[in-house]
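Below is one structure, written out as structure tokens; the observations come after it.
The values are calculated or read from the model by the stated rules, or taken from the named source; none is laboratory data. Remember, it's a predicted structure, so these values are computed and weren't measured experimentally. Positions of Cβ are backbone-derived with ideal geometry, glycine not excepted, and every protein chain shown enters the neighbour counts. Surface areas here come from the heavy atoms of the whole protein model, side chains and all, with no ligands, DNA or RNA. Shrake-Rupley method; radii C 1.70, N 1.55, O 1.52, S 1.80 Å.
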Amino acid sequence: MLLKPNSSQKLLLPRTKQVKNIERRFFMGRALSFGALSMLAGCNVADDSKAQSILDAMSRWNDGVQEAIFGATNQLATTYTEADITDPFPFNAYYSEDKAPDVKEEGYKLELTGLVDKKAPWTLAALRALPQQSQITRHICVEGWSVIGKWAGVSFADFLHMVGADTKAKYVAFKCADDYYTTLDMASALHPQTILALTFRDQVLPRKYGFPMKLRIPIKLGFKNPKHIMSIEVTNEDRGGYWEDQGYNWFSGT
Amino acid sequence: MQKVLIHPLYVRIFHWINAAAIVTMIMSGWQIYNASPLFESLIFPDSVTLGDWLGGGIQWHLAAMWVFVVNLLIYLVLGIATGHFREKFFPLGPKALFHDIWAAMRFKLGHNSHDYNAVQKAFYIGIILVMLMTFVSGLVVWKSVQFQALSWIVGNYATARYVHFAGMTLICAFIIVHVALVAIVPSTLIPMITGKAKPFPEKENSHVA
Ligand code: HEM
């Protein structure tokens with residue numbers, strides 16, 4: 001969801017990079033803004049973890065602000081026409097395309113856990129038999145690039161209601177076949193444009209775009225759109241996320 | 001001789017907080033830019049970026065954003081309410097502006113901190129507008145769906161990125177010229193810190209900038 005193919009180096013190993021660069025870098029950063037800003041925050045310029053905890057606190061504050069903005073505006077994402085669809089549509093993940101998980105349809109069942117009444121797993125055939133909803137929307141990557149694609153599938157709000165999910169719960173968490181994981185706030189999960197996408201451009205969702213299914217949620221950045229979903233949990237615990245746990249903003253709404 | 005107050009306290013507080021916030025935003029912004037450059041040949045060297053990787057750059061950018069925006073809004077409200085802008089940035093007519101640009105080009109433009117010349121007025125009004133434009137485009141880059149009502153000004157997500165980049169570029173250009181002018185007329189610097197200067201008119205105030 002994240003990586004532009006040609007810039008994968010940069011993001012594959014953010015932690016490693018961080019460690020590697022920590023002494024070499026930041027000199028300018030420290031000297032100039034770090035010092036200046038942390039002065040305002042009343043913290044020691046040399047104290048990295050203090051600065052990091054301020055940044056983390058600000059990121060949580062930004063989660064709250066985004067939740068409030070989202071609650072107040074609750075806009076629909078702009079929809080586009082077939083002619084606007086980006087072609088070729090990029091592959092993007094924290095690994096290269098050949099490493100994408102090869103999930104087989106036979107034997108596949110979507111697991112439901114947590115605060116859900118009907119926990120019976122779902123086959124793809126059963127999901128395809130439900131009413132399908134299609135959208136052509138802009139997928140925006142945290143890196144800054146954006147592409148327009150067409151997805152169709154089951155309205156996620158309808159699905160959650162159908163399986164008797166507790167929609168008063170705070171979160172919906174996803175686990176994926178590629179060990180990817182992410183957590184969404186319930187309000188965003190219930191947004192009318194959030195769908196369990198089963199197709200891309202009217203074809204069965206190909207492996208590279210997330211077979212057997214991807215959560216398409218145009219009001220979130222790309223990394224909040226999990227692919228290769230294996231299980232969905234309705235919960236009051238924040239289960240974090242692959243990128244969120246490394247420092248990308250948790251809410252990451254668009 | 002008794003010195004007089006030429007830069008009110010809130011202007012000085014705004015100014016230096018703003019300078020720090022702007023530098024932070026630009027350096028972390030370059031980090032973010034590098035993750036997906038708008039221009040193939042333009043990548044900012046690691047030594048001038050802040051945040052160590054994209055995630056860190058975003059954290060810095062969206063933290064400093066609050067300092068920048070709140071500080072700027074306070075300055076704008078107080079600047080309007082106290083008549084500071086009206087007094088110091090206006091009147092600004094094309095005639096005075098052309099006269100002062102022409103004088104500046106011949107190195108004959110007088111400068112004093114009590115009474116900004118027309119070139120300074122235009123620069124300060126201009127940079128405030130550029131900062132506002134950068135702010136608005138930043139809002140659309142940040143929340144392109146929720147703030148789509150602003151699209152008539154800066155376009156959709158993809159175009160707002162260019163507007164935001166243009167804002168950064170203009171701010172950098174302003175900083176270069178602004179700091180160069182302070183270097184040429186260093187006597188302006190201390191009053192921007194202490195607020196006080198010798199009363200006007202004074203010999204040193206009418207020197208050539
Ligand atoms: C760190 C480098 C900077 C230095 C040394 C500096 C210095 C100064 C000085 C000495 C003045 C007073 C000019 C005079 O009295 O004639 C001034 C005014 C001003 N500067 Fe800066 N400045 C810096 C950065 C910035 C930045 C980054 C911005 C905005 C992007 C900015 C915006 C302004 C504005 C708007 C004024 C007019 C303030 C008013 O009277 O309301 N400065 N600066």
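So here's what we get for this one:
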quantity: Å³ per residue enclosed by the Cα convex hull of the protein assembly as shown; calculated: 165
quantity: Stretch in chain B that is longest and holds no trypsin sites (Lys or Arg not before Pro) that DSSP places in a loop and that have at most 12 other beta carbons within 10 Å; calculated: B:4-105
quantity: Proximal lysines to B:LYS95, defined as alpha-carbon separation beneath 27 angstrom and excluding residues fewer than eight positions away on the same chain; calculated: B:LYS108, B:LYS121, B:LYS203
quantity: Peptide-level mean, for A:240-249, of C-beta atoms on other protein chains within 10 Å; calculated: 2
quantity: Degrees, to the nearest 10: B:157-184 long Cα axis against longest axis of chain B; calculated: 30
quantity: Å² of accessible area per residue within the protein assembly as shown, as computed with a 1.4 Å probe and no ligands counted; calculated: 46
quantity: Order by protection proxy (mean Cβ within 10 Å, highest first), peptides A:63-73, A:170-180; calculated: A:170-180, A:63-73
quantity: Too-long pairs where the Cα-Cα distance tops 27 Å, listed order kept, from A:LYS118/A:LYS170; A:LYS119/B:LYS143; A:LYS99/A:LYS175; A:LYS170/A:LYS227; A:LYS170/A:LYS224; calculated: A:LYS119/B:LYS143
quantity: Of the GluC sites (Glu not before Pro) in segment A:180-254, those whose Cβ has at most 13 other Cβ within 10 Å and which sit in DSSP loop; calculated: A:GLU237
quantity: Exercise: per-residue mean of other protein chain Cβ atoms within 10 Å, B:151-160; calculated: 2
quantity: Sequence-separation-based contact order of chain B, relative, with Cα cut under 8 Å and 6+ spacing, percent; calculated: 27
quantity: Sites matching chymotrypsin sites (Phe, Trp or Tyr not before Pro) across segment B:89-196 that sit in DSSP coil, with at most 15 neighbouring C-beta atoms within 10 Å; calculated: B:PHE107
quantity: Inter-probe distance in nm under a simple model that places probes 7 Å from Cα toward Cβ, at A:GLU82 and B:ILE193; calculated: 6.8
quantity: Carbon plus sulfur fraction of accessible area for segment B:83-209, probe 1.4 Å, in percent; calculated: 74
quantity: Pairwise centroid distance, computed over Cα atoms, of segment A:53-69 with segment A:86-158, Å; calculated: 28
quantity: Buried solvent-accessible surface, both chains (A, B), 1.4 Å probe, Å² to nearest 100; calculated: 4000
quantity: Between helix B:118-142 and chain B: long-axis angle, C-alpha atoms, 0 to 90°, nearest 10; calculated: 20
quantity: Members of segment B:3-47 that become less accessible by 10 Å² or more once partner protein chains are added (1.4 angstrom probe, chain alone as reference); calculated: B:ILE17, B:ALA20, B:VAL23, B:THR24, B:MET27, B:GLN31, B:ILE32, B:ASN34, B:ALA35, B:SER36, B:ASP46, B:SER47
quantity: Only Lys, Arg (+1) and Asp, Glu (-1) charged, at Cβ; segment B:4-203 dipole about Cα centre in debye; calculated: 640
